[in-house]
Amino acid sequence: MKLKFGILLFLITSALLTAQNVNIAGLWQVEKVVVGDRDMTPIAKWTRIHGDGTYETGNGWLQNGAGLWSFNQSENTISTKDKYGIQDPFGAFDISYKGNSMVWSRMEEGMEVQVFWERINELPRSHADKITGKWKSEDKDGESHSIFFRWDKIFVIDKDEEKETGYWIPNAHKPEVGFISHDQSQPHKYYKVEFEDDKLILTGVSEEVKGDVLTYVKSN
């Protein structure tokens with residue numbers, strides 16, 4: 001029993017020392033991801049690294065991963081193992097860090113992948129977090145309608161005493177949202193998402209609504 005406790009204490013102490021040596025314990029946000037010559041930066045991607053060898057990760061206010069990390073001091077590489085996700089087939093990242101910035105890099109399918117991180121103090125909000133709730137609009141003809149973005153990714157539009165419902169789907173790599181109506185006769189619609197003070201601005205990007213601009217204000 002004493003031997004097992006001693007081994008456990010050694011592992012915990014080693015993990016804490018490693019985290020302190022590489023100075024990466026804390027909360028980090030992805031600023032940029034470059035795959036070959038392509039920008040593949042995800043929206044509001046973050047990871048929280050703990051000194052005990054564990055981590056959590058997510059996008060915006062949604063946590064979507066957790067697991068273990070380890071640092072190879074002789075090779076200056078970092079490895080992660082998600083408890084719940086798909087096993088990573090590409091191995092460890094080379095890591096470089098300075099102050100509040102660090103870069104992870106490795107080869108994936110013949111292309112260099114670079115992940116640029118910045119240290120942050122609180123979880124970032126994605127457009128999916130900001131858009132959740134109820135919004136009111138005034139059409140050009142003076143008719144008002146409302147749209148409710150529910151947390152379970154259902155939208156409800158109230159207009160002219162009629163309701164339309166369906167699924168709203170945020171894009172993971174750019175500030176866009178898609179609408180898939182429960183009415184299968186309706187086309188799928190995609191909009192660019194922007195926020196100005198208390199206003200939500202949706203600009204159509206798919207063919208059916210391209211160029212349309214809808215402006216909403218937050219409603220209780």
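Structure summary
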quantity: Those chymotrypsin sites (Phe, Trp or Tyr not before Pro) in region 148-219 that DSSP places in a loop and that have at most 16 other beta carbons within 10 Å; calculated: W151
quantity: Angle between the chain longest axis and helix 2-22 axis [Cα atoms, degrees, rounded to 10]; calculated: 60
quantity: Per residue value of the accessible surface for the chain (all protein chains in place, 1.4 Å probe), Å²; calculated: 64
quantity: Estimated FRET transfer efficiency (F90, S206; beta-carbon r; R0 35 Å; 0.05); calculated: 0.55
quantity: Region 35-182 - percent of accessible surface contributed by carbon and sulfur, probe 1.4 Å; calculated: 49
quantity: With at most 11 other Cβ atoms within 10 Å, longest stretch of the chain clear of loop GluC sites (Glu not before Pro) (DSSP); calculated: 1-74
quantity: Relative contact order (percent, whole number), the chain, Cα cutoff 8 Å, 6+ residue spacing; calculated: 13
quantity: Per-residue [θ]222 nm for the chain (sum of -39500 (n - 2.57) over DSSP H runs n ≥ 4, rounded to 500); calculated: -3500 deg cm²/dmol
quantity: Antiparallel %, DSSP beta bridges [both residues in region 120-220], to 5; calculated: 100
quantity: Size of electric dipole in the chain: Cβ of Lys, Arg +1 and of Asp, Glu -1, about Cα centre, debye, nearest 20; calculated: 1140
quantity: Estimated distance in nm for a label pair at S181 and E194, the labels positioned 7 Å out from Cα along Cα-to-Cβ; calculated: 2.6
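The values are calculated or read from the model by the stated rules, or taken from the named source; none is laboratory data. Owing to the predicted nature of the structure, the values given are computational and were not obtained by experimental measurement. When we count neighbours, we look across all protein chains shown, and the Cβ atoms used for this are built from the backbone with ideal geometry, even at glycine. Surface accessibility is based on the protein's heavy atoms, side chains included, excluding ligands, DNA and RNA. Shrake-Rupley method; radii C 1.70, N 1.55, O 1.52, S 1.80 Å.
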